[in-house]
Amino acid sequence: MLIAGLDESGKGDYFGPLVASAVALDGKAIAELDALGLKDSKRHTRGRIKELAQEIQKYPHSTVLISPSRYNELYKRFKNLNIILGWAHSQALENLIKEQGPEIEIAILDKFSRKGEFTRAVAKKGIKIEIIEETRGEKYIPVAAASVLARWRFISWMKRESRKLGIELPLGSSSPKVLETGCLLFEKGGMDLVSRYAKLHFKITEKLKSECYR
């Protein structure tokens with residue numbers, strides 16, 4: 001029997017994609033990752049996240065990465081982050097099940113909403129396995145594994161795109177560096193360029209527009 005853990009990264013970051021990952025583990029794999037000290041990604045350094053992600057990728061896994069441009073299209077359509085999250089997680093789970101088949105019997109999700117967007121998205125896909133949605137689900141090793149894998153994919157995207165731009169894209173959404181970087185992008189290519197790297201529904205977008213016009 002395999003247990004699938006699901007978690008995401010990037011939803012609180014102004015710049016960068018939204019990443020949803022699913023990892024399937026059996027009892028032996030859970031013990032192996034537990035022995036490595038695997039925890040929620042927030043409790044590891046970037047270097048350790050990379051090391052652990054390399055180990056996690058030895059096990060069945062699936063990742064859905066929604067670029068900022070695509071994210072902005074989806075948000076304009078649904079106007080609800082949780083609907084997007086529900087779809088992304090259900091897609092990651094579906095991809096994993098296609099690879100592993102009926103061996104996956106349980107899926108554990110770090111709960112992000114009380115409205116059941118994930119459960120509905122899973123039902124629409126005809127997936128019939130036990131679903132557990134639990135707040136602070138990262139205490140379970142499969143969810144912690146998904147958390148680390150999603151964060152590593154997010155950080156990797158940020159590094160790669162920063163090199164291409166020649167501008168470092170900062171993490172988070174509240175530091176002065178985020179607004180400063182947004183203005184640099186705006187001055188370089190207007191809102192069209194900003195929209196390729198940022199989630200525009202964040203309140204900082206309006207602030208960015210007023211600050212950058214000065």
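Adding -39500 (n - 2.57) for every DSSP H run of four residues or longer, then dividing by how many residues the chain holds, sets the calculated 222 nm ellipticity at -17000 deg cm²/dmol. Per-residue Cβ neighbour counts within 10 Å put I108, I132 in the sequence I132, I108, beginning with the fewest.
Counting every C-alpha pair in the stretch 55-115, the share spaced more than 15 angstrom apart comes to 59%. Each of N72, P17, L193 was placed along the dipole of the chain (beta-carbon charges, centred on the mean Cα), and the one lying farthest toward the positive end is L193.
For the chain, DSSP calls about 60 percent of its internal beta bridges antiparallel. Would you mind checking K11/K203; K11/K207; K76/K203; K11/K177; K111/K207 for any pair whose Cα atoms are more than 22 angstrom apart? Over 22 Å Cα-Cα: K111/K207.
To the nearest ten degrees, helix 46-56 and the longest principal axis of the Cα atoms of the chain are 40 degrees apart.
Our summary of shape: the Cα atoms of the chain have principal axis extents of 59, 37, 26 Å, ordered from largest down, in whole angstrom. Within the P(r) computed for the stretch 1-71, what percentage of the Cα pairs occupies the region above 13 Å? More than 13 Å apart: 70 percent of the Cα pairs in the stretch 1-71. Both numbers refer to the Cα atoms of the stretch 75-177; Rg and Dmax are 16.1, 48 Å.
For the stretch 1-140, the relative contact order is 32 percent, taking Cα pairs closer than 8 Å that sit 6 or more residues apart in sequence and dividing their mean separation by the residue count. For the stretch 178-188, backbone phi angles converted through the Karplus equation (6.51, -1.76, 1.60; θ = phi - 60°) give residue-by-residue couplings of 5, 5, 4, 5, x, 5, 4, 5, 4, 5, 7 Hz, Gly and Pro being listed as x. A convex hull fitted around the alpha carbon atoms of the stretch 166-209 yields 67 Å³ per residue.
Since every read-out is calculated from the coordinates, none of them should be taken as a lab result. Just so it is clear, the model here is predicted, and its values are computed rather than measured. Heads up, the Cβs are rebuilt from the backbone with ideal geometry, glycines too, and the neighbour counts pull from every protein chain shown.
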